[in-house]
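So the structure is just underneath, and the comments pick up after that.
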Amino acid sequence: MSLFSLKVIALISMLSDHIGSFITGSPIVMRWIGRIAAPLFLFAAVEGWRNTRNKKHYLLRLYTASVFMGVVQYILDIDNNFFRQIYCVCCWFGLSDLARENRKSFWKYLLVYLVWQVSSWIIGVMVAGRFGDQAAMYLVMPVLGSAVFVEGGLIYTFLGLLMYITRHDKKKLIFSYLAFSLIFFILNTTSFIRRGMIVITRLEIFLFGSSGSLSNVAELLLDLLGFHPMQVGGPAFTVNYQWMLILALPFIVAYDGTRGKKVKYLFYVFYPLHIILLYYIGNIL
């Protein structure tokens with residue numbers, strides 16, 4: 001299966017997911033099918049980064065798409081901007097390359113990246129306080145290239161990096177993907193996170209006589225990862241079905257390393273266009 005075929009499957013899956021999201025009354029199976037999209041797009045990013053001739057131009061293209069989609073988010077007040085997720089994970093690919101090729105440069109650029117991310121977060125908080133969360137999250141964060149609260153959470157960024165690190169060994173890729181999916185399933189469909197939050201709260205009360213700061217930090221970190229303590233632990237097929245990303249693995253395994261048809265800008269055009277159309281169709285219906 002070529003990379004082009006994977007992208008087409010990802011687009012169809014994404015369309016199914018967004019129809020289920022924007023069109024009230026759509027069958028839940030459309031959201032299940034949609035779980036295939038994100039992993040396939042991340043895998044396509046792995047191959048795109050690995051094979052691109054100019055990584056700076058590749059990043060610039062993703063960054064521009066992310067900023068444009070941020071404007072769409074701001075106008076429509078929606079959460080969809082997977083361009084920013086892909087841009088952020090490709091930044092991690094670059095750091096991974098440095099870690100392998102030049103360890104001294106890696107530590108320097110890692111420090112720069114961390115300072116950049118913390119600074120963007122601080123700026124975002126300041127903008128949110130003055131102009132509202134919508135302006136901060138949908139406009140400022142994409143412009144600053146922030147990894148804070150990317151669509152799907154940092155857990156998907158980790159998945160992209162995991163696929164990049166194991167890209168040369170299909171057995172390691174399969175094993176790590178299965179392990180990731182199992183952990184994702186456990187965290188989403190059990191009360192593990194909620195019980196952990198209870199333990200943290202009780203520990204904080206025991207140590208400091210009250211709860212608040214430590215619990216808030218833990219909840220914030222979980223939000224960054226993409227887990228919401230009040231939402232996890234629900235039914236695995238009707239609420240917390242994100243674990244169905246395991247369905248993407250057979251398609252990834254079937255990838256034969258070929259590029260297929262060259263359609264560079266298909267995703268860049270299709271993504272915002274179909275979201276805008278579905279948004280207005282959903283409001284009409």
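The values are calculated or read from the model by the stated rules, or taken from the named source; none is laboratory data. Not measured: the values here are computed from a predicted model. Positions of Cβ are generated from backbone atoms using ideal geometry, with glycine treated the same way; all protein chains shown enter the neighbour counts.
If you go through segment 249-273 and keep only what is surrounded by 14 or more Cβ atoms within 10 Å (Cβ to Cβ) and part of a helix (DSSP H, G or I), you end up with 249, 251, 252, 266, 267, 268, 270, 271, 272. Counted as qualifying within segment 100-176 are the helices (runs of 4 or more DSSP H) with 1 or more residues that are within 23 Å of residue 38 (Cβ to Cβ) and among the aliphatic types (A, V, I, L, M), namely 141-144, 154-165. For segment 274-281, the condition of being surrounded by 14 or more Cβ atoms within 10 Å (Cβ to Cβ), in a loop (DSSP other than H, G, I, E, B) and out of contact with any Cys (no Cβ under 6 Å at 6 or more places or on another chain) holds for none of the residues.
When we screen 131, 175, 208 for residues that are out of contact with any helix residue (DSSP H, G or I) (no Cβ under 9 Å at 6 or more places or on another chain) and exposed (fewer than 14 other Cβ atoms within 10 Å of the Cβ), the only hit is 175. Taking segment 180-191 as the range and being farther than 19 Å from residue 40 by Cβ and either touching a His at 6+ places or on another chain (Cβ under 8 Å) or free of Cβ contacts under 8 Å to residues at least 24 places away in the same chain (or both) as the test, the residues that pass are 182, 183, 186. Might you let me know whether segment 145-160 holds any residue that is over 20 Å from the mean Cα position of the chain (by Cα) and of a type outside the set (Phe, Trp, Tyr)? No: zero hits. One residue stands out among those in segment 33-59 that are in contact (Cβ under 8 Å) with a residue 12 or more places away in the chain and over 20 Å from residue 5 (Cα atoms): the one that is nearest to the chain's Cα centre (by Cα), which is 59. Sub-6 Å Cβ pairs linking a first residue in segment 121-132 that is closer than 17 Å to residue 220 by Cβ to a second residue that is at pLDDT below 95, at least 6 apart or interchain, are 121/148, ordered by first then second residue.
Scanning segment 233-273 for residues that are among the small types (Gly, Ala, Ser) and either under 24 Å from residue 26 (Cα atoms) or touching a Cys at 6+ places or on another chain (Cβ under 8 Å) (or both) yields 233, 234, 236, 248.
For the residues 77, 133, the requirement of being under 17 Å from residue 271 (Cα atoms) and among the charged types (D, E, K, R) singles out 77. Of all the residues in segment 7-59, those that are over 18 Å from residue 157 (Cα atoms), outside any loop (DSSP other than H, G, I, E, B) and not basic (Lys, Arg) number 19. Residues that are farther than 25 Å from residue 177 by Cβ and assigned to a helix (DSSP H, G or I) within segment 68-86 comprise 68, 69, 70, 71, 72, 73, 74, 75, 76, listed in sequence order.
Name the residue that is nearest to residue 151 (Cα to Cα), counting only residues in segment 191-228 that are assigned to a loop (DSSP other than H, G, I, E, B) and at pLDDT below 85. Step by step, filter segment 191-228, then rank; the result is 228. Across segment 159-172, the qualifying residues are those that are in contact (Cβ under 8 Å) with a residue 60 or more places away in the chain, surrounded by 13 or more Cβ atoms within 10 Å (Cβ to Cβ) and not β-branched (Val, Ile, Thr), and the one among them that is nearest to residue 234 (Cα to Cα) is 159. When the criteria are applied in full, residue 65 meets the requirement of being among the small types (Gly, Ala, Ser), out of contact with any Cys (no Cβ under 7 Å at 6 or more places or on another chain), part of a helix (DSSP H, G or I) and closer than 19 Å to residue 265 by Cβ. Could you tell me which of the residues 15, 6 is farther than 14 Å from residue 274 by Cβ, in contact with a helix residue (DSSP H, G or I) (Cβ under 8 Å, 6 or more places away or on another chain) and touching a residue at least 60 places away in the same chain (Cβ under 8 Å)? Sole residue among the options that is farther than 14 Å from residue 274 by Cβ, in contact with a helix residue (DSSP H, G or I) (Cβ under 8 Å, 6 or more places away or on another chain) and touching a residue at least 60 places away in the same chain (Cβ under 8 Å): 6.
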